[in-house]
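Data block below; observations after.
The values are calculated or read from the model by the stated rules, or taken from the named source; none is laboratory data. Nothing here was measured: the structure is a model prediction, and the numbers come from that model. Reconstructed Cβ throughout: ideal geometry from the backbone, glycine too, with neighbour counts over all protein chains shown.
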Amino acid sequence: MFYMELILSMVGSLLLVICVLVGVAFLTLLERKVLGYIQIRKGPNKVGLMGIPQPFCDAIKLFTKEQTYPLLSNYISYYFSPVFSLFLSLLVWMCMPMIIKLYSFNLGLLFFLSCTSLGVYTVMIAGWSSNSNYALLGGLRAVAQTISYEVSLALILLSFVFLIGSYNMLDFMIYQKYMWFLIFLFPLALVWFTSCLAETNRTPFDFAEGESELVSGFNVEYSSGGFALIFLAEYASILFMSMLFCIIFLGANIYSFDFYLKLVFLSFLFIWVRGTLPRFRYDKLMYLAWKCYLPFSLNYLLFFVGFKILVVSIMLCIIFSKS
């Protein structure tokens, strides 16, 4: 019986990963189309019907190209960091709150934080092991940026842990049955969204891939399969962050069609921001993280702690007065 459950969980996980990868493929197509229309052009439209098979053609092209590597690179770490990066981006999807429970995740939020923290190392190693100055600079920027914004992400999540009293993502569905958290926590939602942009190295926080000054950033020495894996990892992270935003702020019923419409809209927001905003200045980025978002999220955390203590003390007073 135990082995049967284990096999079912493994098959379910494999299906989830395949669906995520297909979603990532079409997210890249959506991005190219949306950016095309923002810049008053068509985007990919030559391959097949309206360019729909384009992502699969790109994947075939990238994975069949000759694999090159720099002569002075630390070959093993250079080779495996994109693989590990994609593995982590797909592993974090295992905490998706299925009611059937692929894995019993009562500590889903902690699992998410652990996986995103490990993601920093893959970027750092990819930049360092290439033995290129540009790649190293891109890696260092990415690490500083990700660590800075992880602090505010963790504090916002901690606020919700105090509010709902659980690390389980399924509880967000129960608490948002009648009203979304977005309605009365709108400022927190905006901070979360911009932190997600910084966490996934997206415009206007794409310093790790600053083409104008770093050629291409931490992935400058990667081509063919390695580049494709880094690319897939980034877009899998974008999809996951969109999914997490939906769960935390927009009602978490993943068995309704509305949930997936919200997810697509949030992914579209990532693309819209990229097509609209210029890159931020680096000192402003750090100022925003440490001087604006950190005090803001700390204040909200203290507010939630005080609110919880107040509610518990009122309930205890009612119980004692009745007894």
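So which residues in the range 96-118 are buried (at least 19 other Cβ atoms within 10 Å of the Cβ) and modelled with pLDDT of 85 or more?
If the condition is that a residue be buried (at least 19 other Cβ atoms within 10 Å of the Cβ) and modelled with pLDDT of 85 or more, then Leu109, Phe112, Cys115, Thr116 are the ones that fit.
For residues that are free of Cβ contacts under 8 Å to residues at least 60 places away in the same chain and surrounded by fewer than 19 Cβ atoms within 10 Å (Cβ to Cβ), scanning just the range 137-153, find the one that is nearest to Phe112 (Cα to Cα).
For the range 137-153, the residue satisfying everything is Ile147.
Has the range 223-240 got any residue that is hydroxyl-bearing (Ser, Thr, Tyr), under 24 Å from Ile164 (Cβ atoms) and in contact with a helix residue (DSSP H, G or I) (Cβ under 8 Å, 6 or more places away or on another chain)?
No - not one qualifying residue is present in the range 223-240.
Does Ala208 count as modelled with pLDDT of 85 or more and in a helix (DSSP H, G or I)?
No: the conditions fail for Ala208.
Specify the residue that is surrounded by the most Cβ atoms within 10 Å (Cβ to Cβ); the eligible residues are those in the range 43-73 that are in contact with a Phe, Trp or Tyr (Cβ under 8 Å, 6 or more places away or on another chain) and either over 16 Å from Leu232 (Cα atoms) or modelled with pLDDT of 85 or more (or both).
For the range 43-73, the residue satisfying everything is Pro55.
Given (1) within 18 Å of the chain's Cα centre (by Cα); (2) touching a residue at least 60 places away in the same chain (Cβ under 8 Å), where does Lys262 come up short, assuming only one miss?
Condition (2) is where Lys262 drops out.
Taking the options Lys308, Lys284, name whichever one is over 18 Å from the mean Cα position of the chain (by Cα) and either buried (at least 20 other Cβ atoms within 10 Å of the Cβ) or under 22 Å from Gly139 (Cβ atoms) (or both).
Unique residue meeting the criteria: Lys284.
In the range 154-170, what count of residues is obtained for those that are surrounded by fewer than 22 Cβ atoms within 10 Å (Cβ to Cβ) and touching a Pro at 6+ places or on another chain (Cβ under 6 Å)?
Going through the range 154-170 one residue at a time, the tally reaches 1.
Answer with yes or no whether Phe112 is assigned to a helix (DSSP H, G or I), under 23 Å from the mean Cα position of the chain (by Cα) and without any contact (Cβ under 8 Å) to a residue 60 or more places away in the chain.
So Phe112 fails the test.
Quick grid of which residues meet (1) buried (at least 21 other Cβ atoms within 10 Å of the Cβ); (2) within 21 Å of Ala25 (Cα to Cα):
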{"position": "Ile238", "(1), (2)": "yes, yes"}
{"position": "Gly251", "(1), (2)": "yes, no"}
{"position": "Phe257", "(1), (2)": "no, yes"}
{"position": "Arg274", "(1), (2)": "no, yes"}
{"position": "Ser313", "(1), (2)": "no, no"}
